[in-house]
Amino acid sequence: MKEIVDLDQLKESTSFVKSRFAQSAKTAIVLGTGLGSLEQDFTLVESIKYKEIPHMPSSTTESHKGALILVQKDDGFYILVSGRFHIYEGYSAAESTYMIHLLHAIGVENLIITNAVGGVNPHYEEGELVMITDHINLFPDHPLRGKNHEALGPKFPDMSVAYDLSLRALANEEAKSMSLKLMEGIYFGWAGPSLETPAEYKMIHVLGADVVGMSTVPEVIVANYYGMKVLCFSVVSNVCFPPGRIKFTTVEDVISVVTKSAGKLNQLILKICLRL
């Protein structure tokens, strides 16, 4: 029977990363498409290419650096995950979340996730920031499918509060102090890679979601499996509902919109990190 994660491989990956990172970090930030500039707000301590880490998948998305980065700000140390693994790249859900298993194994307790999304809430505009409060999972595979290791986490983890309430309260507090408009919404996740049709956008809206993307949900599931605290921010890269708002969109368009909003999100994340 297939295991949800190969413990021997995970042990090798963990030992390697610990040998390279002289300091541990309790908080990790997953850098979404167009959001890699956060690295510039920290002092670099060490960077490990994914290809160096035993058993680590490789990120094929052009805008993703493909590195695990240890950084410092004041007296705190943090890990930046520059490049995630998407199911649309051909990975299984288990493979796409190997990084989350590794982050937990090296001591991460707080996981801040960022991503680019299509907005299906008719009140959203391009470039706006949305804090995710819940999700709808339509991925065809599940990252916890297979033989479980009870010492790691429960076979059937509760997902009633998948996005940590205390971290969300902290984010709202810091956003208010910045006079930053921070929306709240539900994330609809499925595999991609094609963008949605107008009928699909309408379906997603009817189901109650506010944004749609092709990542994040498997990562959040595994993080909750381990009892990690999760906080998630999305940048609306294109507006998709009602149908009259839809326009032809390329990956370059997505990156352009998200990059313009990165500065305010980076500032918010930095303020949150300094309080963790």
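The values are calculated or read from the model by the stated rules, or taken from the named source; none is laboratory data. Only a predicted model underlies this, so the values are computations on that prediction, with no experimental measurement involved. Note that we place each Cβ from the backbone using ideal geometry, even for glycine, and neighbour counts take in every protein chain shown.
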Of the numbered conditions (1) in contact (Cβ under 8 Å) with a residue 40 or more places away in the chain; (2) in a loop (DSSP other than H, G, I, E, B), K260 satisfies every one except a single condition; which is it? (2)
Restricted to segment 53-88, and to residues that are of a type in the set (D, E, K, R) and within 16 Å of the chain's Cα centre (by Cα), which residue is modelled with the highest pLDDT? R84
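One line per residue, one yes/no per condition, for (1) within 17 Å of T133 (Cα to Cα); (2) under 14 Å from the mean Cα position of the chain (by Cα):
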site	(1), (2)
I204	yes, no
L207	yes, no
T216	yes, yes
E219	yes, yes
L231	yes, yes
P242	no, no
T249	no, no
G263	no, no
Every residue in segment 46-77 that is over 26 Å from K260 (Cα atoms), part of a loop (DSSP other than H, G, I, E, B) and not aliphatic (A, V, I, L, M), please. P54, H55, P57, S58, D74, D75
Only one of (1) in contact (Cβ under 8 Å) with a residue 24 or more places away in the chain; (2) within 19 Å of F85 (Cβ to Cβ) is not met by F188, so which one is it? (2)
Tell me, please, whether a residue that is modelled with pLDDT of 95 or more and under 28 Å from S237 (Cα atoms) can be found in segment 2-17. no
Picked from segment 106-119 (must be of a type in the set (A, V, I, L, M, F, W, C) and part of a loop (DSSP other than H, G, I, E, B)), the residue surrounded by the most Cβ atoms within 10 Å (Cβ to Cβ) is V108
Within segment 263-274, can one find any residue that is under 24 Å from I136 (Cβ atoms), surrounded by fewer than 18 Cβ atoms within 10 Å (Cβ to Cβ), at pLDDT 95 or above and of a type outside the set (F, W, Y)? no
Being polar (S, T, N, Q) and either in contact with a Pro (Cβ under 6 Å, 6 or more places away or on another chain) or crowded, with 23+ Cβ neighbours inside 10 Å (or both) is true for just one of N224, N172. Which residue is that? N224
Scan of segment 1-45 for residues that are crowded, with 17+ Cβ neighbours inside 10 Å, not in a loop (DSSP other than H, G, I, E, B) and not aliphatic (A, V, I, L, M), ordered by number: S13, T14, F16, T27, G36, E39
Condition met for P122 (surrounded by fewer than 16 Cβ atoms within 10 Å (Cβ to Cβ), under 19 Å from S215 (Cα atoms) and not small (G, A, S)): no
Kindly check whether there is at least one residue in segment 147-154 that is buried (at least 20 other Cβ atoms within 10 Å of the Cβ), hydrophobic (A, V, I, L, M, F, W, C) and in contact with a helix residue (DSSP H, G or I) (Cβ under 8 Å, 6 or more places away or on another chain). no
Tell me, which residue of segment 168-184 that is in a helix (DSSP H, G or I) and among the polar types (S, T, N, Q) is farthest from T114 (Cα to Cα)? S177
Run L103 past the list (1) in a helix (DSSP H, G or I); (2) hydrophobic (A, V, I, L, M, F, W, C); (3) within 24 Å of S194 (Cβ to Cβ) and report the number of the one that doesn't hold. (3)
Being buried (at least 18 other Cβ atoms within 10 Å of the Cβ) and in a helix (DSSP H, G or I): is that true of Y187 here? no
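Considering only segment 70-88, state which residues are free of Cβ contacts under 8 Å to residues at least 40 places away in the same chain and surrounded by fewer than 21 Cβ atoms within 10 Å (Cβ to Cβ).
Selection gives D75 alone.
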